[in-house]
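Have a look at the structure below, then the notes.
Read the figures in this text as sums done on the coordinates, not as results from a lab. Computed from a predicted structure; not experimentally measured. Please note: Cβ atoms are built from the backbone with ideal geometry, for glycine as well, and neighbour counts cover all protein chains shown.
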Amino acid sequence: GIQVEQSPPDLILQEGANSTLRCNFSDSVNNLQWFHQNPWGQLINLFYIPSGTKQNGRLSATTVATERYSLLYISSSQTTDSGVYFCAVERWGNTPLVFGKGTRLSVIA
Amino acid sequence: DAGVIQSPRHEVTEMGQEVTLRCKPISGHNSLFWYRQTMMRGLELLIYFNNNVPIDDSGMPEDRFSAKMPNASFSTLKIQPSEPRDSAVYFCASSALGQPQHFGDGTRLSIL
């Protein structure tokens, strides 16, 4: 099956710093999603981005499908950004997501 | 619009008891997924349905687990009998073709 690798596994930032999270996947995909799992365990949709670049406030994401990777940028980080960020890919339409192991982000004041 | 609704949010029960988890997908979504999250294995698929029909249940751990989707607005995941190793967070998600998957808040299950 398809493999999804995320890096780094852990990241500690000072409030206000910027960061880049990476997701590599082993085969072509129909869909790629980024999630934030908050301290309460909820999985929050950040981006649905099979290709191209999207921005939402301080967050942006870029997927280069031909090279099988995606990047999530967090700018001016805040303590509320803490949690685990997951990348997940869908091989074909209406099929299950395959998740990476996540990047655990801690933003300290 | 309401998101994916799961119940209960938390369940604590004793080993051997039957556990039923419930999910109401987003209206109009034709795919429904059950995932489980554990520290050891991360997030993994248990089973999914398209148009209320089970498509792939290869992730269901063993015969103690069963899932049904009697109609487009409701699904259940049952564990009978439950065991301590079933303790995990169980997520339900739904989607429409060409749309992202949306997740419920999960059910945190503890089997004593």
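Brief remarks on what is shown
- DSSP loop chymotrypsin sites (Phe, Trp or Tyr not before Pro) with at most 16 other Cβ within 10 Å excluded, longest remaining stretch of chain A: A:41-91
- Take the Cα radius of gyration of the protein assembly as shown and divide it by 2.2 N^0.38 Å, N being the number of residues; the result is 1.02.
- Distance (nanometres) between label positions extended 7 Å along Cα→Cβ at residue A:73 and residue B:96: 3.2 nm
- Springs between Cα atoms under 10 Å define the GNM used for chain B, and in it the highest mean-square fluctuation of B:59, B:28, B:42 occurs at B:42.
- Taking label positions 7 Å along the Cα-Cβ direction at both residue A:15 and residue A:64, the computed distance is 3.5 nm, reported to one decimal.
- Available extension along the chain between residue B:30 and residue B:83 is 15.9 nm, counting 0.36 nm per residue and deducting the alpha carbon span.
- Cross-link partners of residue B:68 among lysines (Cα-Cα below 21 Å; sequence separation of 8 or more within a chain): B:24, B:78
- Region B:32-112 - charge dipole about Cα centre, Lys and Arg +1 at Cβ, Asp and Glu -1, debye rounded to 20: 140 debye
- Total charge dipole magnitude, chain A, about the Cα centre, Cβ charges on Lys, Arg, Asp, Glu only, Debye to nearest 20: 80 debye
- Loop trypsin sites (Lys or Arg not before Pro), region B:8-108, which have at most 14 other Cβ atoms in a 10 Å radius of their Cβ (DSSP): B:9, B:41
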